[in-house]
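Here's the structure we're looking at; comments come further down.
The values are calculated or read from the model by the stated rules, or taken from the named source; none is laboratory data. These figures come from a predicted structure and were not determined experimentally. A quick note on method: Cβ atoms are made from the backbone with ideal geometry, for glycine too, and the neighbour counts reach across all protein chains shown. Surface accessibility is based on the protein's heavy atoms, side chains included, excluding ligands, DNA and RNA. Shrake-Rupley method; radii C 1.70, N 1.55, O 1.52, S 1.80 Å.
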Amino acid sequence: MTTPALLPLSGRRIPPLNLGPPSFPHHRATLRLSEKFILLLILSAFITLCFGAFFFLPDSSKHKRFDLGLEDVLIPHVDASKGAKNPGVFLIHGPDEHRHREEEERLRNKIRADHEKALEEAKEKLKKSREEIRAEIQTEKNKVVQEMKTKEKKPLPPVPIPNLIGINGGDPEDNDIRKKREKIKEMMKHAWDNYRMYGWGHNELRPIAKKGHSTNIFGSSQMGATIVDALDTLYIMGLHDEFGDGQKWIEENLDFSVNSEVSVFEVNIRFIGGLLAAYYLSGEEIFKIKAVQLAEKLLPAFNTPTGIPWAMVNLKSGVGRNWGWASAGSSILAEFGTLHMEFVHLSYLTGDPVYYKKVMHIRKLLQKMDRPNGLYPNYLNPRTGRWGQYHTSVGGLGDSFYEYLLKAWLMSDKTDHEARKMYDDAIEAIEKHLIKKSRGGLTFIGEWKNGHLEKKMGHLACFAGGMFALGADGSRMDKAGHYLELGAEIARTCHESYDRTALKLGPESFKFDGAVEAVAVRQAEKYYILRPEVIETYWYLWRFTHDPRYRQWGWEAALAIEKYCRVSGGFSGVKDVYSSTPTHDDVQQSFFLAETLKYLYLLFSSDDLLPLDHWVFNTEAHPLPVLHLANTTLSGNPAVR
Ligand code: DMJ
């Protein structure tokens, strides 16, 4: 059989190809790379796949339903049922064997016939004109778009929702504290209203230029980062009209099918975390749906040889890559290690184990690796699975990895012992190698770089005071008192870093070097960009000790922000905290609304607002409920609010 010469579909010529499968007359045909050829290839691949798949069909007894129960999501399935010692081996004898053979033969014949039919159809297709094929492709495309739209509208399956405790109220009894809380709420309104007025839909706000702002972490499109990040703060403050405006914008505008390369970590903690928290607090399905849509777009980032995700992913193409500045093409510990909370909740809410599996894979891989001095280096190459530079930090690049080990345990109602063990081991190594006392008696966390300790602590590392306090209960050898004390010491050091400046706001990082203690030395380290970590630590320490100093320190910080960072168009970071005449950086960071103002508000609220035995805050301060086994309602029942 000879194939007639094909009309060229494009101007580019390709060499002749041998298209003859063994069961067909051998023939050669000269083709151009065209849609026809691609179609034929796809069809042949599909048929081969079907044929092969038959021989790999798993035995139905091994099928395992992915239940929505907590155990199913949080604990990998072990099917110990049916008593088979070796479930992979099946021996069939006698008449059964004969029937089995006949059945196999029948199926083989059917597959062969289907195969030949499909090839006939493919040949038919090749006879069509270019226009006809184009029209068919267009119809197919429309069908896919239509299917996707229907899928978007389809509600997710109902799941047991944890009882939600303490999502409203928190009114303090003390009049003075109540006024302080009101002041923080007013600051939130100022930040939000100005963003609403000048930056609506943009990722962030330039409060002085009074226009939108963005950075590369959010990619090139307007994703309304401030809206998503601020939602839960608005909700707990009782700013329901503002919350409603945000919800409307999300419903009508938040679209993830954009050709934009975003940071997987930032999008996870701010967007997925923010949407999930907004869903749990308000019960509005749209937030859950958007969170899941976005999570699906992040999944291609995990397509690396090791399963350690790329730092960035293009939301449209799914192509991932790492930051150019990261050591030897590495992914960053604090980035790939800060996905667990959100991903477990995604599996919990959707019933789809894919998210859970991705983060558990990362955990297992990390467990197997050697750690120099028991410390986790900040860089890991996703192609080779080897550490990059030996640099360990509890501040930038490392921080929230440790935080998420502890919070994975808390979020599982303290049942994820593996996470707790990893946290305890890591903290012991950190205490041994990185935590020191300065000459003046300040406890600080240094950074380990190529075999020596750099006596420098970043503002970011100040969150660890709160983490040590949060992890005190449940610590090894009942060292709860020790860790609470350690948390308090870190809080004091970070307060000193604020107190030793002209503006009473902390620098980006500070040194402990001879006479220099808790002070920034380099000009490039003197800025304050509305970061939350120090106030976060005050809040945790307040909850665990009720020592009034933490409210006092928090109030000092709030007043300093009000005095030096507030401008008519919102709040701005400052470039030098040691200069009494501050220069603004003209950026209102989304985390200022998500974290800094939320922690301040909670600091001046009573403890029954978002109690810590029911809620775990993600690293962007978005509260997610503890998945209590005994505290779930039946599937489909509305959450108790
Ligand atoms: C926030 O986006 C998160 O807290 C993150 O973990 C690191 N720090 C910034 C704010 O400083």
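Side notes on the structure shown:
- Single unsatisfied condition, R321 versus (1) buried (at least 17 other Cβ atoms within 10 Å of the Cβ); (2) away from the ligand (no atom under 16 Å from the Cβ): (1)
- Test for F343: is it surrounded by fewer than 24 Cβ atoms within 10 Å (Cβ to Cβ) and of a type in the set (F, W, Y): yes
- Hey, E428 more than 16 Å from the ligand (Cβ to nearest atom) and assigned to a helix (DSSP H, G or I) or not: yes
- Selected residue [surrounded by 14 or more Cβ atoms within 10 Å (Cβ to Cβ), of a type outside the set (A, V, I, L, M, F, W, C) and modelled with pLDDT under 70] from K154, K141, K125, K149: K125
- Taking the criterion of being closer than 20 Å to E536 by Cα, aliphatic (A, V, I, L, M) and within 16 Å of the ligand (Cβ to nearest atom), the residues of the range 562-606 that qualify are V574, V577, L593, A594, L597, L600, L602.
- Given (1) part of a helix (DSSP H, G or I); (2) farther than 30 Å from V159 by Cα; (3) within 16 Å of the ligand (Cβ to nearest atom), number of the condition E335 does not satisfy: (2)
- Filter result for the condition that a residue is of a type outside the set (D, E, K, R), open to solvent by less than 20 Å² (accessible area, probe 1.4 Å), out of contact with any Cys (no Cβ under 7 Å at 6 or more places or on another chain) and over 22 Å from G396 (Cβ atoms), over L299, L315: L315
- Test: Y404 is among the aromatic types (F, W, Y) and open to solvent by 40 Å² or more (accessible area, probe 1.4 Å): no
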